[in-house]
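See structure below.
Bear in mind that the values in this text are calculations on the coordinates, not laboratory data. None of these values were measured; they are calculated from a predicted model. Cβ coordinates were reconstructed from backbone atoms using ideal geometry, including for glycine residues, and neighbour counts include every protein chain displayed.
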Amino acid sequence: MTNNKNKLSLGIALATLTMAGALVSTAVVADDAATAAPKAAKHKVAKHKAAAKAVYAAPSKIDMLEAQLRAMQDEVAALRGQVHTTAPVTSVDAQKVQDLDARVATVEATSAKHASKAKNHMIYFRGGYAGNDSSLVATTNTVNGVGQLPGTTQGQKDGWNFGAGIDFSLTDNMFGLMKGTELLGELDLNYVDLGTFTSGLTNVLLNTTAYNGTSASQSMFRITAAPKIKFFEGSKLRPWIIPAGFTLNVISPPSQANAITELMPAMHFGAGLDYNIWKSIYVGTDVRYNMAFSTLDGTNVNGLTAGGSVGFGF
């Protein structure tokens, strides 16, 4: 009897050990499978493992494994739902994307071209030598254009000039006729100083015999509007010419004592170079000539200017 009880107890213990071994083997296999998963899967398993521990708080490892499995199944189901709800990309959608890319590229190219063209406008400041073909005949030199007043001296032919102007770009290809050749409109304001002269007019009006005279400056102010043709559009070095423009010469003092005139129109010609030294800053040099076809009551306004310039593109 005792022997039978021992056999029964031994059988129960053996069955218990067998079941425990099977459970341990199952847990080990599950752990090995989780370890062999990709890195991303391991991260997800660890995340849901922690969640399962907090939610299910089971005393056995089997319960924890079941909780992990349920969490993973829920995540797979959610991913499948996302896949099914995502609309497939059709050929029509692809064509729309291509059309949109082409439109964006066109807008970007147009904006870049306009930005580049905007830099072709320029405000500049120039100065240097000024020379007249002949000395200006001052107000005090003659009366009715005859003779020279006593005590009066001639003005100078050489002097200096300073001015400023603006170039406005009209087209970068001469309206389609010449690629890379830009046409601009120029407005130039220039002051010319030709030194001083001695006036004897005061003494003549006072009918005195002491002709000590009065010293006065002699100058011109030129307002010019002209077309400017600039070559090598897009390069740093830009030669240019002014084939013909319009200049209004304002002389000071006026032409003569009893018939005061001070405005004389003329033609304007020029050539020069501009060089882009940095960003939208330019330096340049130019030679310009103003030519009138007649004199202003005996006053010759023909002359040239030559010098350098500094410009700022915008």
Exercise. Just subtract the alpha-carbon distance of Ser294 and Tyr275 from 0.36 nm times their residue separation and send over the number in nm, one decimal.
Key: 3.2 nm
Practice problem: Multiply the residue separation of Phe162 and Gln98 by 0.36 nm, subtract the distance between their alpha-carbon atoms, and state the gained length in nm to one decimal. | Solution: 17.4 nm
Quiz item: What residues from region 232-251 fall in the zone where the backbone N is under 15 Å from a label point 7 Å along the Cα-to-C-beta line of Thr285?
Solution: 237-240
Quiz item: How long is the gain from Ser217 to Asp193 if the chain were fully straight, where each residue apart is worth 0.36 nm and the alpha carbon distance is subtracted?
Solution: 7.9 nm
Self-check item: Segments 278-287, 265-274 sorted - mean Cβ within 10 Å per residue, highest first
Solution: 265-274, 278-287
